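Each remark here refers to the structure printed beneath this line.
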Amino acid sequence: MFKKIAIFLEMIKIEHTLFALPFAFMGAVLGSVIVTGNLPSWPQIGWILLAMVGARSAAFGFNRMIDRVIDGKNPRTAGRAIPAGLLKSSEVVIFIIVSLVLLFWASFKLSPLAFKLFPLAFFMLVFYSYTKRFTWLCHIVLGLTIGLAPLGAWVAVTGQIDLTAIVLYLTIAFWTAGFDVIYACQDIDFDQNEGVYSIPARFGVAGALNIARAFHVITAIGFIVLFFIADLSWWYLAGMIISYIILFYEHYIVSPKDLSRLQTAFFTMNGVLSTVVFAFTLIDLVVRQY
C-alpha cells in the first residue's frame, strides 16, 4: 500500500506544490487583509490547503490520463506511472474522482462565489491537457490554470473579485507560463517529430527563451503594480527585489547552447521565488496588523 501511495505521489509531483501553494496563501492573506482588514482564519487556511491538494491532484491525474499515449512515446516520460504499467487507468480515474470531490467540498465550505466558480476550475483543469494538441499557446493556458490558485484563494476569503485579484492572477499566470516554456525546451525534438505544439517547437530554443523572458518581464511588472495598488510597504518591496534576482538568475543559467541546469531553473528557482514572495508579503501584512 505504501508503495502504491508513493507512486501516486510521484505521479502528481507533490513536490511541485511548492510552486503554487505559497501564492495561493498569498492570495488568501492579501485579499483578506485588503477587503476585511483581518488575516484569514485557520479554518479558511485549512480549506484552502485541501482545495489546493484536490485541484493539483485532479490536474495531474487528468494530465497523466490524457497524455498517457504521448508520454509512452517520449523517452523522458515513458517511465511515468501509467505508460510504465505501475498504475492502471481505472486506478487513476478513481484518484481523479476523489480529488475532484475534495475540491468540490472545500470550495463549498469556503464561500458561495468559490463554489460557483468550481465548474470553471474543473474546465481549466481538463482543457489544458488538450491544448498541446492544437496550439503553442498551451503554456499560457497552463499559466491561466495555475493562476486560479491565488485567485481562488482570494475569492474564498473575500467572496469577491477586484482589480488587485486580477493583477495577482495575471502576474502568476505569466510567471507559470514563463517557466513552463523553459521546461518545454528539453522536449523540443520530440515535440517537433510528433507534432506536439509548444513554443520551443514553434520558435526554437533561442526564441522560446526570449519569449519566457518576456513573460517574466510581465510578472515583474505585475509585482510592481501590486506594490502600489495593494498599498504594501518595504517588506513586500524587499521580497519583490529578491524575486527579481531569482528570475534573472533563472534565465542566466540557461541558454540555447546549454540547458544542463534547466532543472535548477525550473524547480529550485521557482520554488524559492514563490516562497520568498509569500513570506515577505505575509510579514508585510502582519506588521500592518500589529
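The values are calculated or read from the model by the stated rules, or taken from the named source; none is laboratory data. Keep in mind it's a predicted model, so treat the numbers as computed, not measured. Neighbour counts run over all protein chains shown; Cβ positions are idealised from the backbone, glycine included. Surface accessibility is based on the protein's heavy atoms, side chains included, excluding ligands, DNA and RNA. Shrake-Rupley method; radii C 1.70, N 1.55, O 1.52, S 1.80 Å.
A few notes on this one:
- Virtual spin-label span in nm between ASP258 and ALA206, 7 Å along Cα→Cβ: 1.7 nm
- Gyration tensor verdict on segment 33-104 (Cα atoms; rounded if a/c is under 1.5, prolate if a/b is larger than b/c, oblate otherwise): prolate
- Residue-normalised convex hull volume from the C-alpha trace of segment 233-272: 44 Å³ per residue.
- Alpha-carbon Rg/Rh ratio, for segment 96-140, with Rh computed the Kirkwood way: 1.10
- Bins of 5 Å from zero: percent of alpha-carbon pairs in segment 1-128: 2, 10, 18, 21, 18, 12, 9, 6, 3, 1, 0
- For segment 277-284, the Karplus equation 6.51 cos²θ - 1.76 cosθ + 1.60, evaluated at θ = phi - 60°, returns couplings of 4, 5, 4, 6, 5, 4, 4, 4 Hz by residue, with Gly and Pro reported as x.
- Label-point separation, ALA78 to TYR244 (7 Å along Cα→Cβ), nm: 4.6 nm
- Cα pair count fraction exceeding 32 Å, expressed as % - the chain: 24 percent
- Across segment 241-247, rounded Karplus estimates of 3J(HN,Hα) from the backbone phi angles (6.51 cos²θ - 1.76 cosθ + 1.60, θ = phi - 60°) give 5, 4, 5, 5, 4, 5, 4 Hz, Gly and Pro being marked x.
- Cβ-derived FRET efficiency at R0 25 Å, ILE161 paired with ILE224, nearest 0.05: 0.75
- The ellipsoid that matches the Cα gyration tensor of segment 103-171 has semi-axes, each √(5λ) in whole angstrom, of 23, 15, 7, with the longest given first.
- Per residue, the accessible area of the chain comes to 46 Å², computed with a 1.4 Å probe over protein heavy atoms only.
- Counting every alpha-carbon pair across segment 129-287, the share separated by more than 28 Å comes to 23%.
- Carbon plus sulfur fraction of accessible area for the chain, probe 1.4 Å, in percent: 71 percent
- Residue among HIS216, HIS139, HIS251 with the largest mean-square fluctuation in a Gaussian network model of the chain, springs linking Cα atoms under 10 Å: HIS251
- In segment 237-290, trypsin sites (Lys or Arg not before Pro) in a DSSP loop with at most 12 other beta-carbon atoms within 10 Å: LYS257
- With contributions of -39500 (n - 2.57) from each DSSP H run of at least four residues, the per-residue ellipticity at 222 nm computed over the chain stands at -25500 deg cm²/dmol.
- Structural descriptor for the chain: relative contact order 22 percent, calculated from alpha carbon pairs under 8 angstrom and at least 6 residues apart.
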